[in-house]
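Have a look at the structure below before the remarks.
The values are calculated or read from the model by the stated rules, or taken from the named source; none is laboratory data. Keep in mind it's a predicted model, so treat the numbers as computed, not measured. Because the Cβ atoms are built from the backbone with ideal geometry, glycine has one as well, and the counts that use them run over all protein chains shown. Just the protein is used for accessible areas: all its heavy atoms, side chains included, with ligands, DNA and RNA removed. Shrake-Rupley method; radii C 1.70, N 1.55, O 1.52, S 1.80 Å.
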Amino acid sequence: MLIVDAHLDLSMNAMEWNRDLRQSVFHIREREQGMTDKPDRGKGTVAFPEMRKGNIGLCVATLIARYVKPGYPLPGWHSQEQAWAQTQGQLAWYRAMEAEGELTQITDVASLERHLHAWENRGEEKHPIGYILSLEGADSMVNMGYLERAYEQGLRAIGPAHYGPGVYAYGTDASGGIGEKGKELLKNMERLNIILDATHLCDESFWEAMDHFHGQVWASHSNCRSLVNHNRQFADEQLKELIQRGAVIGGVLDAWMMIPQWVRGKSTPESEGLSLRHVIDHYDHICQMAGNSLHVAIGTDMDGAFGKEQTPADMETIADLQNLPSLLSERGYTTEDIENIMFRNWIRFLKNAWT
Ligand SMILES: [Zn+2]
């Protein structure tokens, strides 16, 4: 079955983790043996060969760079211009992968339909994976002229904030509203028909964004607060608002967001019995709330600065997303529901957003 994954940080892995994603996950892990600069060294689960093996023919792939004011505790660039340049470097890698036939950029209904048709009818030869360009945290938008340029480069979705305070909104573990800058960003996103990614917005910024933005909204990688209580997750009233607006919410596969009481660096997927079944609990919560299976889908974040140490124990690589259909079926989901979750919801959302 085709899979659409709405959240991967592919270029961050290429440019900051120094991973050549054309190589298999196993080759990359071997190359990282002995490296200790990042917690997920030697434990990656995402690379192009495994995406192809798992029939992940389409993904939303990010640009990501934070700006930090003096005294901010999080790592980041000291100017928005530096953050912009970082994202342009990341984009240069996506372009190089397009030139290599590894990726193809999807920007409208025509390119989406062309790609899906070609993917379905591909032969044994390597076929480019479709990607939709997204921005996680909008700090790199120096001003709205940069937003125009980014749109021309194919940018189609923006999450205004990531972790901490951002230029345009407050994100995870922070609190505050979107302010005048955030409102200006949302107004221009609406004008350009850029999708608002509600993931990572803190509660206050979330509700302000919902009030001021009248365009398309999705949540690329978010789980439910009622199952794991953290501000990074959506409370039921936020889920209700998203459902009402026709949003699709991508269930995320980062351990601490799937089950409560996960202790980073101490808990292991094996010690906690963490499995893909746990993400289905989050899907199910949203499906029960919506009364249908039209608002949940996949947004794994499996290369978001973690690897096997924080991934369900029944997954070796991203290719094992193919275990989801049978697990959903065991839970009583029909074939139609399962197809909605695996790929149809994202595709329907995009076609509707771009028509
Ligand atoms: Zn994220």
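For the chain, the solvent-accessible area with a 1.4 angstrom probe is 40 square angstrom per residue. Along the axis of the charge dipole computed for the chain (Cβ charges of +1 for Lys and Arg, -1 for Asp and Glu, origin at the Cα centre), the listed residues 46, 300, 91 are led at the positive end by 91.
Per-residue SASA remark: residue 271, around 80 Å² accessible (1.4 Å probe; ligands, DNA and RNA not included). The Rg/Rh ratio of the chain, with both radii computed over alpha carbons and Rh defined as the Kirkwood radius, is 0.93.
Computed on the stretch 237-355, the Cα convex hull volume stands at 115 Å³ per residue. Projecting label points 7 angstrom from Cα along Cα→Cβ for residue 24 and residue 98 puts them 3.0 nm apart. Shown for the stretch 3-354: lysine pairs separated by 8 or more places, or found on different chains, whose C-alpha atoms are under 28 Å apart, numbering 23. On the stretch 3-354, 47 percent of the accessible area sits on carbon and sulfur atoms, based on a 1.4 Å probe.
DSSP bridge analysis restricted to the chain gives an antiparallel fraction near 5%, rounded to the nearest 5. Taking packing as the residue-averaged number of other Cβ atoms within 10 angstrom, the listed peptides 94-104, 119-129, 211-221 run from highest to lowest as 211-221, 94-104, 119-129. Report the one residue of 150, 201, 216 whose Cα lies farthest in the direction of the positive end of the charge dipole of the stretch 3-354 (charges on C-beta: Lys and Arg +1, Asp and Glu -1; origin at the Cα centre). Farthest along the dipole direction, towards plus: 150.
Placing 149, 29 in order of accessible area, with the largest value first and a 1.4 Å probe, yields 149, 29.
On the beta carbon distance between residue 172 and residue 212, with R0 = 22 Å, the FRET formula returns roughly 0.65. This model, with +1 at the C-beta of Lys and Arg and -1 at the C-beta of Asp and Glu, gives the chain a dipole about its Cα centre of some 320 debye. Diffusion of the stretch 1-154 by Stokes-Einstein, at 4 °C in a medium of 1.567 mPa s and with Rh set to the Kirkwood radius over alpha-carbon pairs, works out to 78 µm²/s. Which residue, 104, 128, 175, has the largest displacement toward the positive end of the dipole of the stretch 45-191 when charges sit on each Cβ (Lys, Arg +1; Asp, Glu -1)? With unit charges placed on the Cβ atoms, the residue in question is 175. Summed over qualifying helices (DSSP H, 4 residues or more, each -39500 (n - 2.57)) and divided by its residue number, the chain shows a 222 nm mean residue ellipticity of -11000 deg cm²/dmol. The calculated FRET efficiency for residue 124 paired with residue 227, based on their beta-carbon distance and R0 = 41 Å, is about 0.50.
The largest accessible area among 84, 77 belongs to the first residue in 77, 84, and the rest follow in falling order (1.4 Å probe, all chains). Near residue 247: Cβ cut-off under 13 Å, other residues only, Lys/Arg at +1 and Asp/Glu at -1. The net charge is +1. Label-to-label distance for residue 81 and residue 2 is 4.4 nm, based on points extended 7 Å past Cα in the beta-carbon direction.
Of the whole protein surface, residue 203 contributes about 60 Å² of accessible area at a 1.4 Å probe radius.
For residue 5, the shell of other residues with beta-carbons less than 13 Å away shows a net charge of -4, using +1 for Lys and Arg and -1 for Asp and Glu.
For the residues 72, 67, a 1.4 Å probe over the protein chains yields an accessible-area ranking, largest first, of 72, 67.
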